[in-house]
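Report on the structure given below.
The values are calculated or read from the model by the stated rules, or taken from the named source; none is laboratory data. Here the structure is a predicted model, which is why all the values come from computation and not from measurement. Quick reminder, even Gly has a Cβ in these numbers, built from the backbone with ideal geometry, and neighbours come from all protein chains shown.
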Amino acid sequence: MNRLIFALLLCFTASSSLVSGPHKANGNQEKIVTAAQVNGTWKYRGNIFNVWALGQQRLKVEFVGVYEYKTPSGPMANTGSANGFARIEGDTAIFTPNDSELETEKECKIKMRFTKGKLMVEQEGSCSFGLNVTAAGTYRRVSKAKPKFEEFAHTPYY
């Protein structure tokens, strides 16, 4: 009886170490996402992110943002958009929009983290979007199909 319990424990312990999970490097846990987990169209309120993996840790990214408000003459909206490329490390990509000619745009940095089927976005700087327009938020994927990129500005490849 004791041998049977020992054999079962040994078998369970050996099999649990074969379960793959997040990679560890220098004691830090790094979660890796695949192209299938990031590709598609993501929405939060009126905002949209189009994302497509290009390989070699590069993502093509397009953002369209909207801030809606009411005025005495009717509903209005401020908008903002950006496109370019992001580099992804683990589950987090840093997106700096193209055509950053204005000083405020040079300070624009958008952190995109893909986790648990959601896209968590943080924004640093104004990014020269319309008043109150921000990329920040928790997005849900509405399509896994390859997005149709609008190319709001010419996008050089690097």
I need every pair where a residue in segment 63-79 that is modelled with pLDDT of 95 or more and surrounded by 10 or more Cβ atoms within 10 Å (Cβ to Cβ) has its Cβ under 7 Å from the Cβ of a residue that is among the β-branched types (Val, Ile, Thr) and assigned to a loop (DSSP other than H, G, I, E, B), sequence separation at least 6 or different chains.
GLY65/VAL133; GLY65/THR134; VAL66/VAL133; TYR67/VAL133; ASN78/VAL133; THR79/VAL133
Take the conditions within 19 Å of LYS31 (Cβ to Cβ) and either surrounded by 17 or more Cβ atoms within 10 Å (Cβ to Cβ) or at pLDDT 95 or above (or both) and apply them to TRP42. Does it pass?
yes
In this structure, does GLY27 turn out to be at pLDDT 95 or above and on the phi > 0 side of the Ramachandran plot?
no
Tell me, which residue of segment 91-117 that is assigned to a loop (DSSP other than H, G, I, E, B) and closer than 18 Å to TRP52 by Cβ is modelled with the highest pLDDT?
ASP91
Across segment 39-87, what is the number of residues that are more than 19 Å from ALA145 (Cα to Cα), among the polar types (S, T, N, Q) and not in a strand (DSSP E or B)?
3
For segment 128-145, which positions are modelled with pLDDT of 95 or more and either surrounded by 14 or more Cβ atoms within 10 Å (Cβ to Cβ) or of a type in the set (Ser, Thr, Tyr) (or both)?
VAL133, THR134, ALA135, ALA136, GLY137, THR138, TYR139, ARG141, SER143
